[in-house]
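Asker: Below is a structure I'd like to ask you about.
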Amino acid sequence: MSTLAFGGAAVAQSVGTEHRVQMLNKDGEGRRMQFEPAFLKIAPGDTVIFVPTDKGHNSEIIADALPAGGEGWKGKINEEISVTLTAEGLYGYKCLPHFGMGMVGLIQVGEDISNMQAIQEAKLPPKAADRMEELLQQVG
Ligand SMILES: [Cu+2]
């Protein structure tokens, strides 16, 4: 019991909140090959954990789809990775095996959305571009 109490205290002292994004073969709306939630708005210093709920997926930053000063990431297939994002802005990411099927996600960190145009102009396969456009509409 004392261990649990100590653990709780340690979490309370950490910088940010943890958010979980599942990597799925089918999401709650029946869409194939998806991150869920595919759009996330978090506070600077929060952590996002990508969970390989289904097999065969990864999470990695899309080239140039992150704010200046931001750090990207590249997870391996089936790997649960956690990223702590401190630089404010928009981070676009993909699952490499299913990029062409539109498996992309977007994270908004804080209120700075000044790199939105860079994400809109990033080179994506057509289905991924369509999905990213949907996700960009949730920015705000
Ligand atoms: Cu995938």
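Asker: Once you have the Cα-Cα distance between Glu18 and Arg31, take 0.36 nm times their residue separation minus that, and quote the gain in nm to one decimal.
Answerer: In short, 2.2 nm is gained.
Asker: Give me the 1.4 Å probe accessible area per residue for the chain, excluding ligands and nucleic acids, in Å².
Answerer: 54
Asker: Another question, if that's okay. Gain in length, Glu80 to Ala118, computed as 0.36 nm per residue apart minus the alpha-carbon separation, to one decimal in nm?
Answerer: Extra length from Glu80 to Ala118 when fully extended: 10.9 nm.
Asker: Could you give each residue of region 69-84 its phi-based ³J(HN,Hα) in whole Hz, using Karplus coefficients 6.51, -1.76, 1.60 with θ = phi - 60°, and x for Gly or Pro?
Answerer: So the Karplus estimates, Gly and Pro as x, are x, x, 9, x, 8, 8, x, 7, 4, 6, 8, 7, 10, 10, 10, 9 Hz.
Asker: For the chain, what % of the accessible area comes from carbon and sulfur atoms, probe 1.4 Å?
Answerer: 52
Asker: Translational D (Stokes-Einstein, µm²/s) of the chain at 20 °C and 1.002 mPa s when Rh comes from the Kirkwood sum over C-alpha pairs?
Answerer: Answer from the Stokes-Einstein relation: 139 µm²/s.
The values are calculated or read from the model by the stated rules, or taken from the named source; none is laboratory data. Bear in mind that the values here come from a model prediction, so they are computed numbers and not experimental data. For the accessible areas, the whole protein counts, side chains as well, though only heavy atoms, and no ligand, DNA or RNA atoms are used. Shrake-Rupley method; radii C 1.70, N 1.55, O 1.52, S 1.80 Å.
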